[in-house]
Amino acid sequence: MGNVVAFLGVCDKAAYTGQLTPGCARLNLLGLSRALISPVYPCPIAAHHMVFALEDAQSLMNLRIHLVDDSGKVMARLSAKGKIVGTGAPETADQVCDALDSVPVLVSESGPSWFVLPVSLKGLNVTIPRPGNYTVVQVQDGDRKPIGSLVCGLLEAPPLTPERVAAIRSDPKAATVVNGETRCNNCGDKLRFYAALDVVPKLVARGYVRNTDLPDKWRCSCGKQDWDMQYYKTGLPALLGRHSAGGDVEMDPSSRYTRQRLAEIAAQLRRLLDADPTEEQVHSYISANPILWHQFSATRIYSKTSIMTPYKVDFAILSTDRALHLIEIEKPAKKLLKQDGHRHSDFTGACDQVKDWLAKFREQRAACLDGFKLKSEEVTAVKGVVVMGRDASCSDETLRKLKAMDLGDISLYTYDDLLSGLDALQDTIEAT
Ligand SMILES: [Zn+2]
């Protein structure tokens, strides 16, 4: 067989940058991998590029590639004549593949000159039906030669525990509702589906079925589409909490926090704080509105967890950087400083409490993590946080000193810091 071609994998993004002088083109590839990992199948691959290495530009002229499943069925056909010659769906068979038309290559006059060719799969209406191993085959002169394989793996959806749900709600950009539909272009039948933290009556009214209520199989009335829905049932919730869903599943933008909603939450908290609430009242308000923790980039938010000490941790937050923050909140009226500017015993008491937890973690890390059902590798640092007091209880000068105070592994937030964090967040959200 003549031309040598290798399949290198799939990538999320491929773009030529800088000056496109032949031979000097710079190719940026993002996320090149032999594996495609998705929580839902059938999984569309249109958002990806397949990446090949070609021995020389001549091999581009008659490159024909098939993607084949384990039963030998051809899932997709690519041709390098600037066109996709055929796909699983005939209606897109003649769509031009832009990537192939605009490859700046250096052709060497003497000797081989390997180059990398990303092929956009946009316009190729192909879905990977189920997790598995797919073979990439080069077809030339009647010969079929495997040149690589694509592993399509299943990403298991993390369970929607109360800790995970609270973390999703604390992220202003997170999807709390995702939806999509599968349809048959032949008979027009469609199945609409969604996943969300709660039932969404608005979607139900439009015929969307919640993932947990989906049928195991869906077959359109003409029989052309025959889908196994099991991965949608279990996998869709994995898309919750992401900033974009991808594939043919969209996030519902109306489910995001609006400026108005954030303003309401801030106003309610201000009213609560001004009414001399108990610690318990503040705890339940923050529990119900985890967006107040948005600056922690949470992946889990725990409430009232025991860590082998007589006192439970009020809140604990696992951040995306794998730091576990142990948070002590105090009754807002408790004092930070004494008249003479030194720390009030309320404040030192709160700090001592957090220091005890941190010490416990140093002594018996594994047992403490057990309380959070966290594995050792999920946590790289443990930090302390005290939330107490109001800014107005100090003069500007003492407040500045207080916030600059070195408290070791402990950070101090006043309730006003939580409020101003919410105010700042409102400014980042477009008015609706
Ligand atoms: Zn049909």
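Is it the case, given these coordinates, that His283 is assigned to a loop (DSSP other than H, G, I, E, B), surrounded by fewer than 19 Cβ atoms within 10 Å (Cβ to Cβ) and touching a strand residue (DSSP E or B) at 6+ places or on another chain (Cβ under 9 Å)? Quick ask: steps written out before the conclusion?
Numbers: assigned to a loop (DSSP other than H, G, I, E, B): no; surrounded by fewer than 19 Cβ atoms within 10 Å (Cβ to Cβ): yes; touching a strand residue (DSSP E or B) at 6+ places or on another chain (Cβ under 9 Å): yes.
For His283, the condition - assigned to a loop (DSSP other than H, G, I, E, B), surrounded by fewer than 19 Cβ atoms within 10 Å (Cβ to Cβ) and touching a strand residue (DSSP E or B) at 6+ places or on another chain (Cβ under 9 Å) - is not met.
Checking each residue in segment 349-408 for being among the small types (Gly, Ala, Ser), over 12 Å from Leu324 (Cβ atoms) and surrounded by 13 or more Cβ atoms within 10 Å (Cβ to Cβ) picks out Gly349, Ala350, Gly389, Ser393.
Any chance you could count how many residues in segment 414-425 are over 12 Å from Ala266 (Cβ atoms) and more than 28 Å from the chain's Cα centre (by Cα)? Please lay out each step first, then the result.
Taking segment 414-425 as the starting set, the residues that turn out to be over 12 Å from Ala266 (Cβ atoms) are 414, 417.
Then keep just the ones that are more than 28 Å from the chain's Cα centre (by Cα); that gives 414.
Count: 1.
Output the residues belonging to segment 206-224 that are within 16 Å of the ligand (Cβ to nearest atom) and within 30 Å of the chain's Cα centre (by Cα). Listed by number, the residues that qualify are Pro215, Lys217, Trp218. Search segment 138-172 for residues being free of Cβ contacts under 8 Å to residues at least 40 places away in the same chain and either in a strand (DSSP E or B) or on the phi > 0 side of the Ramachandran plot (or both), and hand back the single one that is farthest from the ligand (Cβ to nearest atom). Here the residue is Gly142. Return yes or no: is Thr182 outside the structural domain of Asp70 (by TED's automatic domain parsing) and touching a residue at least 60 places away in the same chain (Cβ under 8 Å)? Judged against the criteria, Thr182 is a match.
Across segment 122-134, what is the number of residues that are in a strand (DSSP E or B) and out of contact with any Gly (no Cβ under 8 Å at 6 or more places or on another chain)?
Quick first cut of segment 122-134, residues in a strand (DSSP E or B) only: 127-128, 132-134.
Filter once more, so that each one left must be out of contact with any Gly (no Cβ under 8 Å at 6 or more places or on another chain): 128, 132-134.
Of the residues in segment 122-134, 4 are in a strand (DSSP E or B) and out of contact with any Gly (no Cβ under 8 Å at 6 or more places or on another chain).
Considering only residues that are over 21 Å from Asp216 (Cα atoms) and assigned to a loop (DSSP other than H, G, I, E, B), which ones fall in segment 186-203? It would help to see each step written out before you state the result.
Step one: list which residues in segment 186-203 are over 21 Å from Asp216 (Cα atoms), which gives 186, 197-198, 200-202.
Within segment 186-203, Asn186, Leu197, Asp198, Val200 meet the criteria.
Please count how many residues of segment 324-343 are assigned to a loop (DSSP other than H, G, I, E, B) and within 17 Å of Tyr415 (Cα to Cα). Quick ask: steps written out before the conclusion?
From segment 324-343, those assigned to a loop (DSSP other than H, G, I, E, B) are 330-336, 338-342; that's our starting set.
Subsequent filtering for residues that are within 17 Å of Tyr415 (Cα to Cα) retains 330-336.
So the count comes out to 7.
Residue by residue, here is whether (1) under 28 Å from the mean Cα position of the chain (by Cα); (2) not hydrophobic (A, V, I, L, M, F, W, C) holds:
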| position | (1), (2) |
| --- | --- |
| Glu363 | no, yes |
| Ala367 | no, no |
| Val379 | yes, no |
| Gly384 | yes, yes |
| Met388 | no, no |
| Asp391 | no, yes |
| Thr398 | no, yes |
| Leu407 | no, no |
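Tallying residues that are over 25 Å from Leu154 (Cα atoms) and either within 16 Å of the ligand (Cβ to nearest atom) or assigned to a loop (DSSP other than H, G, I, E, B) (or both) within segment 225-267 yields 3. Output the qualifying pairs, or none if there are none: Cβ atoms under 7 angstrom, residues six or more apart or on different chains, first residue in segment 306-324 and in the same structural domain as Ala381 (by TED's automatic domain parsing), second residue assigned to a loop (DSSP other than H, G, I, E, B) and basic (Lys, Arg). Matching pairs, first to second residue: Ser306/Lys312.
Of the residues in segment 350-364, none is assigned by TED's automatic domain parsing to the domain that holds Gln281, part of a loop (DSSP other than H, G, I, E, B) and among the hydrophobic types (A, V, I, L, M, F, W, C).
Within segment 215-233, if we keep just the residues that are in contact with a Ser or Thr (Cβ under 9 Å, 6 or more places away or on another chain) and in contact (Cβ under 8 Å) with a residue 60 or more places away in the chain, the residue that is farthest from Arg169 (Cα to Cα) turns out to be Trp227. In segment 173-205, of all residues being within 28 Å of Leu292 (Cβ to Cβ) and surrounded by fewer than 18 Cβ atoms within 10 Å (Cβ to Cβ), the one that is nearest to the ligand (Cβ to nearest atom) corresponds to Lys202.
The values are calculated or read from the model by the stated rules, or taken from the named source; none is laboratory data. What you are looking at is a predicted structure, and each value in this text was computed from that prediction instead of being measured. Neighbour counts run over all protein chains shown; Cβ positions are idealised from the backbone, glycine included.
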